[in-house]
Amino acid sequence: MSKRFVGSGMTSPRTRDRMLRRLQQDGVKSPAVLEAMRAVPRHLFVDEALSSRAYDDTALPIGHGQTISQPYIVARMTEALFEGGPLRRVLEVGTGSGYQTAILASLVEQVYSVERVEALMRLARSRFMLIGIRNIRLKHTDGHWGWPDYAPFEGIMVTAAPREIPKELLQQLADGGRLVIPVGGFHAQRLQRVTRRGNQFDVEDLEAVKFVPLRIGNASA
Ligand code: SAH
């Protein structure tokens, strides 16, 4: 693997191992999720000027007023999505940097991810090509509508917070499928997991979180 992927100094394997130990201390248990977090080079998903902070447990700016989620949240949400069994096809709403997308892609057959800021989507796409990840499909759209062409999904993960869960996302969930989503206004968001059983939707409250809002409509920039 090229040095760029392996990293050196503040992006070295040793720095990544520190991140993993911190995740474990914070309660992340799934070996598959921890392995995915070790394998995906997070420093390639942030601007080069920030790469020395890529493995800190913090959210970082990615432009357009958006942020890459902190490693703990990425790991926690992934774990929450996979608890209950393996998934084959997953929809992500809010591609952003593409980091969470890449983590999902290492765990499932096919990831579909939608993003409302076209420039972020393009940048994420170039990163997947650089690293050689091929099982991700991207679309520039308002994620409130999900991606009906490929529904139903066994898992849906939303990485921006709506005030209420969009009905379309519930409809695009397969029977037995799981949706992990932050819900609420800026100061009072809760991470929720919804499991579909026929036409019934069981909601579990997981923990307090802080995400950027799920906005209405596309941005062309
Ligand atoms: N998983 C990303 C999180 C980025 S922040 C990462 O770790 O990098 C949330 C992302 O959701 C932003 O990129 C934002 O542009 C996007 N977003 C906000 N509202 C959206 C909507 N309605 N549809 C699709 N994407 C949206």
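The values are calculated or read from the model by the stated rules, or taken from the named source; none is laboratory data. If you're wondering where the values come from, they're calculated on a predicted model, not measured in any experiment. Note: ideal-geometry Cβ built from the backbone for every residue, glycine included; neighbour counts use all protein chains shown. The protein model used for the area step is the full one, side chains on, heavy atoms only, and it has no ligands, DNA or RNA in it. Shrake-Rupley method; radii C 1.70, N 1.55, O 1.52, S 1.80 Å.
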Quickly run through the stretch 163-221 and pick out the residues that are free of Cβ contacts under 8 Å to residues at least 60 places away in the same chain and of a type in the set (D, E, K, R). Arg163, Glu164, Lys167, Glu168, Asp175, Arg190, Arg196, Arg197, Asp202, Glu204, Asp205, Lys210
Would the stretch 41-51 turn up any residue that is in contact with a strand residue (DSSP E or B) (Cβ under 8 Å, 6 or more places away or on another chain), farther than 16 Å from Val158 by Cβ and of a type in the set (A, V, I, L, M)? yes
For the stretch 54-152, list the helices (runs of 4 or more DSSP H) that sit wholly inside it and hold at least 2 residues that are over 16 Å from Ala219 (Cβ atoms) and near the ligand (Cβ under 8 Å from one of its atoms); which are they? 99-105
Subset of the stretch 164-217 (residues that are surrounded by fewer than 14 Cβ atoms within 10 Å (Cβ to Cβ) and within 12 Å of the ligand (Cβ to nearest atom)): Ile216, Gly217
Which residues, taken from the stretch 7-55, are open to solvent by 40 Å² or more (accessible area, probe 1.4 Å), touching a helix residue (DSSP H, G or I) at 6+ places or on another chain (Cβ under 8 Å) and under 18 Å from Gly98 (Cα atoms)? Arg38, Arg53
Out of the residues in the stretch 108-138 that are open to solvent by 10 Å² or more (accessible area, probe 1.4 Å) and under 12 Å from the mean Cα position of the chain (by Cα), which is farthest from Arg178 (Cα to Cα)? Glu115
